[in-house]
Amino acid sequence: MKIVFMGTPDFAVASLNALAEAGFDIVGVVTAADKPAGRGQKLQESAVKKYAVEKGLKVLQPLKLKDPDFIEELKALNADLHVVVAFRMLPEVVWNMPAKGTINLHGSLLPQYRGAAPINHAIINGEKESGVTTFFLKHEIDTGDVIFSETVPIAEDDTAGDLHDHLMEAGAGLLVKTVKAIEANDYKEQPQIFSAELKHAPKIFKEFCKVDWNNSAKTIYNLIRGLSPYPTAFAELNEKTIKIFKATFEEITPSVSPGMFITDGKSYLKFAAQDGYISLLDVQYEGKKRMMADEFLRGMRL
């Protein structure tokens with residue numbers, strides 16, 4: 001069975017590697033075009049491209065997925081199955097091309113947390129578990145019939161980065177299981193059931209990342225870890241931005257108003273929330289490098 005793999009970030013590399021190590025015939029890899037980045041604006045290759053080149057796999061980097069030349073090149077690969085992990089939305093001419101269809105790996109237990117940021121939103125909402133799901137692509141995004149899913153627990157102090165890594169590994173294994181089942185024609189699709197109670201995972205914009213100290217301490221704590229390490233929760237301190245990568249919380253009647261802070265100037269920096277305090281542990285002050293709170297306090301006069 002010939003496979004074309006489509007993906008871009010590190011999350012997708014684990015799945016591509018698992019398919020390669022399982023012995024599947026990967027006839028092509030589709031990934032994002034190289035983009036300028038950093039101060040020198042040097043062209044940066046995607047994590048998937050770096051892996052594919054290292055393994056000698058054929059790489060396609062279309063600027064537009066409906067480009068006729070790309071479509072012809074993709075058809076010429078004569079793939080039986082397309083596998084999509086952390087890639088962009090596909091036009092029907094692409095996902096409907098292979099005989100066995102196109103499958104996607106999603107970082108949630110569908111139909112919960114459909115959308116662009118399932119990992120972040122699961123932690124922001126204080127979930128105790130998440131998971132990975134494989135499904136066939138259809139017209140509406142993340143709505144196709146489910147093939148397999150696997151639950152992954154979320155620890156109390158897990159960040160989005162931690163959950164990303166757990167789901168990346170679980171997803172790679174689930175994807176291999178899925179492709180083997182499709183190859184053997186030994187699977188049963190389950191249609192997703194949609195309701196108003198389902199939680200969604202829309203793209204996260206900057207204004208969403210600003211801490212509202214009028215919220216509960218637990219809500220703020222979940223926001224911080226759900227946005228760490230990226231795109232990162234932030235607040236204002238001395239009219240400058242401070243990014244918060246890690247914090248702890250305590251539920252206790254605060255002695256100051258929400259948004260005000262208390263500190264001993266050397267070991268702790270606590271902001272008052274509605275019903276407690278958020279203690280900053282790992283921060284990045286505007287114009288400074290990322291550092292632990294005690295190091296930050298040694299260089300600051302608050």
Residue that is modelled with the lowest pLDDT, among those in the range 283-300 that are within 15 Å of E236 (Cα to Cα) and part of a loop (DSSP other than H, G, I, E, B): M300
Conditions (1) over 25 Å from K180 (Cα atoms); (2) of a type in the set (D, E); (3) loosely packed, with under 14 Cβ neighbours inside 10 Å: number failed by E45: (3)
K188 touching a Lys or Arg at 6+ places or on another chain (Cβ under 7 Å) and part of a loop (DSSP other than H, G, I, E, B): no
Hits in the range 89-109 (condition: touching a residue at least 60 places away in the same chain (Cβ under 8 Å) and either farther than 21 Å from Q190 by Cβ or out of contact with any helix residue (DSSP H, G or I) (no Cβ under 9 Å at 6 or more places or on another chain) (or both)): L90, P98
Whichever residue in the range 156-186 is closer than 18 Å to A86 by Cβ and of a type in the set (D, E) and, among such residues, is least open to solvent (accessible area, probe 1.4 Å): D162
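Is there a residue in the range 157-176 that is assigned to a loop (DSSP other than H, G, I, E, B), within 21 Å of the chain's Cα centre (by Cα) and of a type in the set (G, A, S)?
The first filter runs over the range 157-176 and keeps only residues assigned to a loop (DSSP other than H, G, I, E, B), leaving 157-159.
Checking which are within 21 Å of the chain's Cα centre (by Cα) leaves us with 157-159.
Right, trim to of a type in the set (G, A, S) and you get none.
Within the range 157-176, none of the residues are assigned to a loop (DSSP other than H, G, I, E, B), within 21 Å of the chain's Cα centre (by Cα) and of a type in the set (G, A, S).
Test M292 against the criterion of being open to solvent by 30 Å² or more (accessible area, probe 1.4 Å), over 23 Å from E127 (Cα atoms) and touching an Asp or Glu at 6+ places or on another chain (Cβ under 8 Å), and give yes or no.
Values: open to solvent by 30 Å² or more (accessible area, probe 1.4 Å): yes; over 23 Å from E127 (Cα atoms): yes; touching an Asp or Glu at 6+ places or on another chain (Cβ under 8 Å): yes.
Judged against the criteria, M292 is a match.
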Filtered residues of the range 126-162 (kept if out of contact with any Gly (no Cβ under 6 Å at 6 or more places or on another chain) and over 24 Å from Q190 (Cβ atoms)): G126, A155, E156, D157, D158, T159, G161, D162
Residue pairs meeting the criteria (Cβ under 8 Å; at least 6 apart or on separate chains; first under 18 Å from P98 (Cβ atoms), in the range 59-79; second of a type in the set (G, A, S)): L60/G28; P62/A33; L74/G28; L77/G28; A79/G28
Subset of the range 137-155 [under 22 Å from L81 (Cα atoms) and of a type outside the set (D, E, K, R)]: L137, H139, I141, T143, G144, V146, I147, F148, S149
Residue list for the range 16-26, filter: open to solvent by 30 Å² or more (accessible area, probe 1.4 Å) and either part of a loop (DSSP other than H, G, I, E, B) or touching a residue at least 12 places away in the same chain (Cβ under 8 Å) (or both): N17, A20, A22, G23, D25
Segments classed as strands (runs of 3 or more DSSP E), wholly inside the range 67-155, with at least 1 members that are of a type in the set (S, T, Y) and surrounded by 14 or more Cβ atoms within 10 Å (Cβ to Cβ): 102-106, 129-136, 146-153
Matching option when the condition is touching a strand residue (DSSP E or B) at 6+ places or on another chain (Cβ under 6 Å), open to solvent by less than 40 Å² (accessible area, probe 1.4 Å), under 30 Å from K288 (Cβ atoms) and modelled with pLDDT of 95 or more, among F261, F234, F249: F234
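Take F194 and tell me if it is open to solvent by 50 Å² or more (accessible area, probe 1.4 Å) and free of Cβ contacts under 8 Å to residues at least 24 places away in the same chain.
So F194 fails the test.
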Residues located in the range 284-302, provided they are in contact with a strand residue (DSSP E or B) (Cβ under 7 Å, 6 or more places away or on another chain) and touching a residue at least 24 places away in the same chain (Cβ under 8 Å): Q284, Y285, E286, R290, A293, F296, L297, L302
Residue list for the range 1-15, filter: buried (at least 19 other Cβ atoms within 10 Å of the Cβ) and over 21 Å from H164 (Cα atoms): I3, V4
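Among the residues of the range 242-282 satisfying the criterion of being aliphatic (A, V, I, L, M) and outside any strand (DSSP E or B), which is nearest to S216 (Cα to Cα)? Full working, then the answer.
To start, the set of residues in the range 242-282 that are aliphatic (A, V, I, L, M) comprises 242, 244, 247, 252, 256, 260, 262, 269, 272-273, 278, 280-281.
Still in the running and outside any strand (DSSP E or B): 252, 256, 260, 273.
On the way: I252: 11, V256: 14, M260: 14, A273: 6 Å.
My answer is A273.
The values are calculated or read from the model by the stated rules, or taken from the named source; none is laboratory data. It should be emphasised that the depicted structure is a prediction, and the values quoted were computed from it without experimental measurement. Counting neighbours? That spans all protein chains shown, and the Cβs are built from the backbone with ideal geometry, glycine included. These accessible areas exclude ligands, DNA and RNA; they are computed on the full protein's heavy atoms, side chains included. Shrake-Rupley method; radii C 1.70, N 1.55, O 1.52, S 1.80 Å.
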